[in-house]
């Protein structure tokens, strides 16, 4: 591919990608009050707006998160469901919620081909989670532990054919952080070190999304193509 063709292709990809956009409604029909509160906390953390059901609800469309009691409620009230039901009592709590977040933000759910994590390492750590071609989550962290916790949440719980973690090669990149990545994810994801000298090349586009500089860099690291 020529340089001109590549940049035309790359620009097209960028224009089509929207950051952290929820494209499907998410309903929470969880009967257990402790689970219900925890579900809402986690969905809010990852930028998911939720809807509920009441006695007047006849049908729901989108991603429906239920527990055993919620599933019984829908059945007993004859609520027609059109979409994807995620029963956290069957899927597992974190697996169900991670999947629901991804389903709500990806244009194509079946199949989920790949999940790619971009990491911009510095005084703060930017991460970007991309599933298929959709950016489902970005954040900036002061704590390495919190960054790793969120990476683990998605990498371990979202079923895709390919899982990749890309970290930009920085002068202050610590061996201990790389070792932790390898020890934590070696059995479930490929870990790649990529150049980060062009990791801010989309700044003019992504600044409108009100992202921090390290989040922008993490997106570009995740989208890295060799010889670009």
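Laboratory data are not the source of any read-out in this text; all were calculated from the coordinates shown. Quick caveat, the model's predicted, so the values are computed rather than measured. Please note: Cβ atoms are built from the backbone with ideal geometry, for glycine as well, and neighbour counts cover all protein chains shown.
In nm, give the distance between the simple-model label positions of residue 49 and residue 114, each being 7 Å from the Cα along the Cα-to-Cβ direction.
The modelled label-to-label distance comes out at 3.2 nm.
Could you line up 164, 101, 178 from fewest to most neighbouring Cβ atoms inside 10 Å?
Ordered from fewest to most neighbouring Cβ atoms within 10 Å, 164, 101, 178 come out as 178, 164, 101.
With only alpha-carbon atoms in the gyration tensor, what are the semi-axes of the equivalent ellipsoid for segment 26-105, in Å, largest first? Each step should come with its number before you reach the end.
Working: eigenvalues 68, 36, 26 Å².
Semi-axis lengths for segment 26-105 are 19, 13, 11 Å.
I'd like to compare 46-55, 86-95: which one has the highest average count of other Cβ atoms within 10 Å, and what's the full order after that?
86-95, 46-55
Using only helices, what value at 222 nm comes out for the chain when you add -39,500 (n - 2.57) per DSSP H run of length 4 or more and divide by the total residues, to the nearest 500 deg cm²/dmol? Could you put the intermediate results ahead of the total?
On the way: 9 runs with 92 residues, N = 228.
That calculation yields -12000 deg cm²/dmol at 222 nm.
Quick check: the angle from helix 175-185's long axis to the longest principal axis of the chain, C-alpha only, nearest 10 degrees?
Between the helix axis and the principal axis of the chain, the angle is about 40 degrees.
Among DSSP bridges having both ends in the chain, what percentage is antiparallel? Round to the nearest 5.
Numbers: 13 of 40 bridges.
Restricted to the chain, the bridges split so that about 30 percent are antiparallel.
How far apart, in nanometres, would the label points at residue 159 and residue 133 be if each is projected 7 angstrom from Cα along the Cα-to-Cβ direction?
My value for the distance between the label points is 2.5 nm.
Between helix 144-157 and the chain, what is the angle of the helix's C-alpha long axis to the longest principal axis, kept within 0 to 90° and rounded to the nearest 10?
Result, in degrees: 60.
Please find the FRET efficiency linking residue 188 to residue 146, where r is the Cβ-Cβ separation and R0 is fixed at 22 Å, and quote it to the nearest 0.05.
Approximately 0.65, to the nearest 0.05.
Restricting things to alpha carbons, tell me how big the chain is in terms of Rg and Dmax, in Å.
18.9, 60
So if I average 1/r over every pair of distinct C-alpha atoms in segment 89-165 and take the inverse, what Kirkwood radius in Å does that give?
Computed over segment 89-165, the radius equals 12.7 Å.
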